[in-house]
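Remarks on the structure that follows.
The values are calculated or read from the model by the stated rules, or taken from the named source; none is laboratory data. Since we're looking at a predicted model, the values are computed, not measured. Neighbour counts run over all protein chains shown; Cβ positions are idealised from the backbone, glycine included.
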Amino acid sequence: MPSACSSDSVNDSRQPGSPRAGEAIDRWRRLLGAEGVDGPEAAQQRYGACTTGLSRRIAGALRPASRDEIVELLAIARECARPLYPISTGRNWGYGTALPVIDDCTIVDLSGLGAIRTIDADLGLFEVEPGVTQGALHQYLQTRKLPFMVPTTGAGPDASLLGNALERGYGITPTADHFAAVTRIEAVLADGRVYRPALSELGAELADHAFKWGLGPYLDGLFTQSGFGIVTSMTLALARRPEVVEAFYFAVPDAGAFEDVAMAVRGTLQDLGSVAGSVNLMNRHRVLSMTAPYDHSCVGSDGLLTDAAVADMGRRYRVDPWMGMGALYGPRDVVAAARKLVRRRLARPTRRLVFMTGGRARVLESISRRALGRSHGIPAMLSRIRSSLDILEGRPDRVAHGLLYWRRGGADLSTVTDPARAGVGLLWYAPLVPFKPDLMARYVRTCTQVLRAHSMEPLITLSTLSDRCVDSSVPLLFDPAVPGDVERAHRCYDALVEAGRELGCMPYRLHVGAMAGFTRSDQTFWDLAARVDSALDPGRILSPGRYAPVSGR
Ligand SMILES: Cc1cc2nc3c(=O)[nH]c(=O)nc-3n(C[C@H](O)[C@H](O)[C@H](O)COP(=O)(O)OP(=O)(O)OC[C@H]3O[C@@H](n4cnc5c(N)ncnc54)[C@H](O)[C@@H]3O)c2cc1C
């Protein structure tokens, strides 16, 4: 199942130099104005940088400002046979950034559609357009004093909500599964018609926003991980900000206790239901990548930190072989009862189990900063805890970007906001692992071996998606400027996929270079997906190759 560092392309008539390409660009310029259209060179400059080290030939870029313009630009694309690749904010870092799956697509950048509409504040229903970022929604809620949480991710304030949900991304607020919170989608189909769910067509608009499944076949889901339409808005059922958000942190002093701890975490989630958010289990390397400088003088002959160095850093920064983090959400008395239960389940197999609210973290941070100075380790650690609490409380934060710059000596995350532009090399390997502690332990061992064999520091997180399944996120960090490093990272990704497959652990989401290897049209599933695709888009205009066999489109 190899991933492609180069890409398929469409047939000759669709190539940038073909006469119809020039005609399309002229017509799009008349529609959107010169500033709304990039030719191939400008588009390559603006959208070509990608953390995956992949490159794509980009035919151009369009920046519509309304749904009507989308309908019209699609008509031109159909008439001139120009394939399009819609993006929301194009910050799909680690999975392709803004790059199309194949060469010669024209990007449709929807970041200019940035409206947020309160459908019903009592019901917590908000409609967002593609350009709405986590940061913009946060500001919208703050300004209007609306008591809801943004479904945050580690990608931070500049990433979209809509593109993330279409990728079925997840976070660690109570609505960890971001598509689960989407109750309604509107999209423009390849033939230019506007898709709205059946309840809206029948005049029951509010019911449609309030009820995810609507009436008739559930079609909204077809627009996720596919190229079946240009999604112009979605309704999010936001989680209400509870009276108390209390995080808990714990350490696992002995790697051999991992299975016991995983079992205890599963039991905790089974007991607590929706009072507990997602729990993150992070190995020592992963936590060190966000807390301690990378010590290049401690690298062994395999290009990795030696075991002794990692153990020593762990002692100095008080990072155990595994660290855990979760959060409780609810009224004060419910959280107090839940805290007791967490203690009962987790105190024995873990150590340093502490509970912390955002308010407490802020007070401790400011006291320690005054007493010890800003650069001292303790206030710095409290500042990171406060940032992680911000994310748990639905306040977007860039703190997770820290790991990207670990081997490069760090970065000021208030000014370095775009890893693709900063030249970061990153691929996410993100397999689903059933919540069986023995399988999770085998997965961790296998993953670590494969990473080490490719000279990759093993940074492993396991995030609970439910009490039945976890997803692991493993950043493959490399330096695209070093000859051969991109290929090494992609070889490592492919080896991880193969090793994961032996265990029954497959990614929940793919980078653009990996899609062709997964979508084989001789399998009924992908054949059906390809048929739906060609029924909706016979001219193969929208997002060719996105979670689809290229030849089947
Ligand atoms: C440090 C770090 C931490 C991260 N943490 C997380 C995390 O916790 N959770 C997580 O899920 N991700 C995470 N990411 C990955 C990624 O950056 C986010 O998922 C990000 O939200 C995706 O980019 P975007 O929102 O700009 O979506 P886009 O890039 O705009 O969209 C993603 C894809 O969806 C399709 N698409 C987008 N909009 C439309 C549309 N309107 N119509 C049709 N198709 C469309 C396109 O094919 C596009 O390529 C992280 C990345 C980094 C670097």
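Go through (1) closer than 26 Å to residue 330 by Cα; (2) surrounded by fewer than 21 Cβ atoms within 10 Å (Cβ to Cβ) for residue 206 and report which single condition fails.
Only one criterion in (1) closer than 26 Å to residue 330 by Cα; (2) surrounded by fewer than 21 Cβ atoms within 10 Å (Cβ to Cβ) is unmet by residue 206, namely (1).
Taking residue 242 and the conditions (1) away from the ligand (no atom under 16 Å from the Cβ); (2) without any contact (Cβ under 8 Å) to a residue 40 or more places away in the chain, which numbered condition does it fall short on, given that it satisfies the others?
Only one criterion in (1) away from the ligand (no atom under 16 Å from the Cβ); (2) without any contact (Cβ under 8 Å) to a residue 40 or more places away in the chain is unmet by residue 242, namely (2).
Only one of 312, 295, 302 is over 24 Å from residue 445 (Cβ atoms) and surrounded by fewer than 21 Cβ atoms within 10 Å (Cβ to Cβ); which?
Values: 312 fails: over 24 Å from residue 445 (Cβ atoms); 302 fails: over 24 Å from residue 445 (Cβ atoms).
Unique residue meeting the criteria: 295.
Take the residues in segment 507-552 that are more than 22 Å from residue 54 (Cα to Cα) and among the charged types (D, E, K, R); name whichever of them is nearest to the chain's Cα centre (by Cα).
So the residue we want is 533.
Hey, can you tell me all the residues within segment 164-195 that are more than 10 Å from the ligand (Cβ to nearest atom), touching a Pro at 6+ places or on another chain (Cβ under 7 Å) and not in a helix (DSSP H, G or I)?
Result: 173, 175, 184.
Return yes when residue 451 is assigned to a helix (DSSP H, G or I) and either away from the ligand (no atom under 15 Å from the Cβ) or surrounded by fewer than 22 Cβ atoms within 10 Å (Cβ to Cβ) (or both) and no when it is not.
Against the criterion (assigned to a helix (DSSP H, G or I) and either away from the ligand (no atom under 15 Å from the Cβ) or surrounded by fewer than 22 Cβ atoms within 10 Å (Cβ to Cβ) (or both)), residue 451 qualifies.
Looking at the structure I just gave you, is residue 229 of a type in the set (Gly, Ala, Ser), in contact with a helix residue (DSSP H, G or I) (Cβ under 7 Å, 6 or more places away or on another chain), modelled with pLDDT of 95 or more and buried (at least 22 other Cβ atoms within 10 Å of the Cβ)?
Values: of a type in the set (Gly, Ala, Ser): yes; in contact with a helix residue (DSSP H, G or I) (Cβ under 7 Å, 6 or more places away or on another chain): yes; modelled with pLDDT of 95 or more: yes; buried (at least 22 other Cβ atoms within 10 Å of the Cβ): yes.
Answer is yes for this residue.
If you check 161, 137, which single one turns out to be at pLDDT 95 or above, within 9 Å of the ligand (Cβ to nearest atom) and not assigned by TED's automatic domain parsing to the domain that holds residue 473? Spell out the reasoning first.
Numbers: 137 fails: within 9 Å of the ligand (Cβ to nearest atom).
The conditions single out 161.
Can you name every residue in segment 489-533 that is among the polar types (S, T, N, Q) and exposed (fewer than 15 other Cβ atoms within 10 Å of the Cβ)?
Within segment 489-533, 523, 524 meet the criteria.
Being modelled with pLDDT of 85 or more and charged (D, E, K, R) is the filter here, so list the residues in segment 370-389 that pass it.
370
Among residues belonging to segment 97-134 that are of a type in the set (Ser, Thr, Tyr) and either within 18 Å of residue 186 (Cβ to Cβ) or assigned to a loop (DSSP other than H, G, I, E, B) (or both), point out the one that is nearest to the ligand (Cβ to nearest atom).
Pass one, segment 97-134, residues of a type in the set (Ser, Thr, Tyr): 97, 106, 111, 118, 133.
From what's left, either within 18 Å of residue 186 (Cβ to Cβ) or assigned to a loop (DSSP other than H, G, I, E, B) (or both): 111, 118.
Working: 111: 8, 118: 21 Å.
Filtering first and then ranking leaves 111.
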